[in-house]
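*Asks:* So that we are looking at the same thing, I have put the structure below in structure tokens.
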């Protein structure tokens, strides 16, 4: 992880040296046809994409991991890579597939971000990555459905915190949108303290 972070920083500086405009935010194309009105609720097209893409991505990933040969090989590699090799699984190939899947779903998340906020920049993945880790911990590391539930819980917690903490006397400065990330990581710390296995439990390998 440290090596990857260092390499990313080096690549970032190299890109800036040749292309200084890369620091500037870019406008992201919008999906035509919105927003949509459902009663008193207004739903933007970016939110529609997110509501559709998130459960589909979760279902596709769950099917791939649980039902396909490569997915089962991925589970075996995660549980015990040495034994997986003895069973004829190409663990190097499995690791490459895992990283490729991560890149694909990161791309889906990037599109969802761009559609929701209307612009993208080079810093947007950092805080999203931290929140993705927080959601995974909340749901239970290794639990696909738990990660989805953890993300929903995290979003609700951020919204409620910014909406109601400002109403507490003397706490109005802590209820702004800029404090939403702080409350998200406060929730992460509480979960690590009181339920480190996550809401649905961490999936661990069975040992003989």
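The values are calculated or read from the model by the stated rules, or taken from the named source; none is laboratory data. In this text, all values refer to a predicted model and were calculated from it rather than measured experimentally. Cβ sites come from the backbone with ideal geometry, for glycine too, and all protein chains shown count toward neighbours.
*Asks:* Say whether the condition of being in contact with a helix residue (DSSP H, G or I) (Cβ under 7 Å, 6 or more places away or on another chain), part of a helix (DSSP H, G or I) and under 26 Å from residue 135 (Cβ atoms) is met by at least one residue in region 21-43.
*Replies:* No, that holds for no residue.
*Asks:* What number of residues in region 59-97 are part of a loop (DSSP other than H, G, I, E, B) and either surrounded by fewer than 17 Cβ atoms within 10 Å (Cβ to Cβ) or at pLDDT below 90 (or both)?
*Replies:* Residues in region 59-97 being part of a loop (DSSP other than H, G, I, E, B) and either surrounded by fewer than 17 Cβ atoms within 10 Å (Cβ to Cβ) or at pLDDT below 90 (or both): 5 in total.
*Asks:* Here's something else I'd like to know. Being in contact with a helix residue (DSSP H, G or I) (Cβ under 9 Å, 6 or more places away or on another chain), at pLDDT 80 or above, under 30 Å from residue 9 (Cα atoms) and not assigned by TED's automatic domain parsing to the domain that holds residue 58 narrows it down to one of 106, 157, 147, so name that one.
*Replies:* Answer to the check: 147.
*Asks:* Does region 168-186 contain any residue that is modelled with pLDDT under 80, out of contact with any strand residue (DSSP E or B) (no Cβ under 7 Å at 6 or more places or on another chain), surrounded by 19 or more Cβ atoms within 10 Å (Cβ to Cβ) and more than 29 Å from residue 27 (Cα to Cα)?
*Replies:* no
*Asks:* Can you find even one residue in region 113-136 that is at pLDDT 75 or above, touching a strand residue (DSSP E or B) at 6+ places or on another chain (Cβ under 8 Å), under 19 Å from residue 46 (Cα atoms) and crowded, with 19+ Cβ neighbours inside 10 Å?
*Replies:* yes
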